[in-house]
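K.L.:
My structure is below; once you've seen it, I'll send some questions.
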Amino acid sequence: MLKKVIFLFLVFLAGCTNQKAPKEVPVTTDPDAKSLAAPPKPAPSPWTTSSYAPKEGESEGRKFVRFVTNGNFTNKTQTNGYLYAEVIVDKKSAGIFLHEFNKSNPAEKFSKPVQINMVNSQGEKLQMTSARSWNSSGGISIERNNNDYSQFRIFLLKSKGTVTVEIKDSGNKNYHFSINTDGFSDSFTKL
């Protein structure tokens, strides 16, 4: 009896392991079928949106877009010193803040006009002169009264990719950094 059970078990085991391979079935694709894969997410914009502190009587402060980058500066004693640059643009004004050596250092203050030269990846140029500080803490204000703000805003809106910036002051300091304009238009229109 035991021999019969072992024999049946071996026959059963042999039958299970000798299965035929399944037939290959050709796969046809419908050219009209849409892919179920999710579309790739766009890269995050390098431009962040924030708000100024609200003025008295306001519930919300005015919004602005901000871009930060690294660059370098040169003066009489320093060549290729580290520069942390911030660019702020709102619906009424724009400012550039230059921090030498460390981003936690205060923004540079300029007592005389500075020359701002910008070149976009298409080779278009914009030149401006600013004689005003953003505020008493420093920074460069891009003024509305001489149309520089409008030119600056339009230049960033129409530029694609990288804009190189050079800022010269009368004290022989030169600042160099780049602005990535990708995402500026979308961020600015949400203000």
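The values are calculated or read from the model by the stated rules, or taken from the named source; none is laboratory data. These numbers were taken from a predicted model, which means no experiment stands behind them. Virtual Cβ from ideal backbone geometry, glycine too; neighbours counted across all protein chains shown.
K.L.:
Out of all the residues in the range 100-127, which are of a type in the set (Lys, Arg) and either in a strand (DSSP E or B) or touching a Pro at 6+ places or on another chain (Cβ under 6 Å) (or both)?
P.N.:
Filtering the range 100-127 for residues of a type in the set (Lys, Arg) gives 103, 109, 112, 125.
Once the filter is applied, which keeps residues that are of a type in the set (Lys, Arg) and either in a strand (DSSP E or B) or touching a Pro at 6+ places or on another chain (Cβ under 6 Å) (or both), the range 100-127 yields only LYS125.
K.L.:
Of the conditions (1) free of Cβ contacts under 8 Å to residues at least 60 places away in the same chain; (2) farther than 20 Å from ASN70 by Cα; (3) loosely packed, with under 15 Cβ neighbours inside 10 Å, PRO106 satisfies every one except a single condition; which number is it?
P.N.:
Tallying (1) free of Cβ contacts under 8 Å to residues at least 60 places away in the same chain; (2) farther than 20 Å from ASN70 by Cα; (3) loosely packed, with under 15 Cβ neighbours inside 10 Å, PRO106 fails exactly one: (2).
K.L.:
I'm trying to understand the selection: among the residues of the range 128-139, which are of a type outside the set (Ser, Thr, Tyr) and either surrounded by 18 or more Cβ atoms within 10 Å (Cβ to Cβ) or in a loop (DSSP other than H, G, I, E, B) (or both)? Lay out the reasoning, then the answer.
P.N.:
Of the range 128-139, the ones of a type outside the set (Ser, Thr, Tyr) are 128, 131-132, 134-135, 138-139.
Result: MET128, ALA131, ARG132, TRP134, GLY139.
K.L.:
While we're on this one: Pick from the range 64-99 the residues that are assigned to a loop (DSSP other than H, G, I, E, B) and not small (Gly, Ala, Ser): which of them is nearest to PHE184 (Cα to Cα)?
P.N.:
In the first step, residues of the range 64-99 are kept if they are assigned to a loop (DSSP other than H, G, I, E, B); the result is 75-80, 91-93.
This time we only want the ones that are not small (Gly, Ala, Ser), so: 75-80, 91-92.
Working: ASN75: 31, LYS76: 35, THR77: 35, GLN78: 32, THR79: 31, ASN80: 28, LYS91: 13, LYS92: 16 Å.
The qualifying residue nearest to PHE184 (Cα to Cα) is LYS91.
K.L.:
Something else now. What number of residues within the range 144-177 satisfy the criterion of being touching a Ser or Thr at 6+ places or on another chain (Cβ under 8 Å), surrounded by fewer than 18 Cβ atoms within 10 Å (Cβ to Cβ) and in contact (Cβ under 8 Å) with a residue 40 or more places away in the chain?
P.N.:
Total satisfying the criteria: 7.
K.L.:
Name the residue, out of LEU126, LEU98, that is closer than 16 Å to ASN174 by Cβ, at pLDDT 90 or above and under 23 Å from the mean Cα position of the chain (by Cα). Step through it out loud before you land on a result.
P.N.:
Values: LEU126 fails: closer than 16 Å to ASN174 by Cβ.
So the residue among LEU126, LEU98 that is closer than 16 Å to ASN174 by Cβ, at pLDDT 90 or above and under 23 Å from the mean Cα position of the chain (by Cα) is LEU98.
K.L.:
Tell me which of these PHE188 doesn't satisfy, since it passes every other one: (1) crowded, with 18+ Cβ neighbours inside 10 Å; (2) under 13 Å from the mean Cα position of the chain (by Cα); (3) not in a helix (DSSP H, G or I).
P.N.:
(3)
Yes/no per residue for (1) at pLDDT 95 or above; (2) touching a Gly at 6+ places or on another chain (Cβ under 6 Å):
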| site | (1), (2) |
| --- | --- |
| ILE116 | yes, no |
| GLU143 | no, no |
| LEU156 | yes, no |
| THR164 | yes, no |
| GLY171 | no, no |
| HIS176 | yes, yes |
| GLY183 | no, no |
| THR189 | no, no |
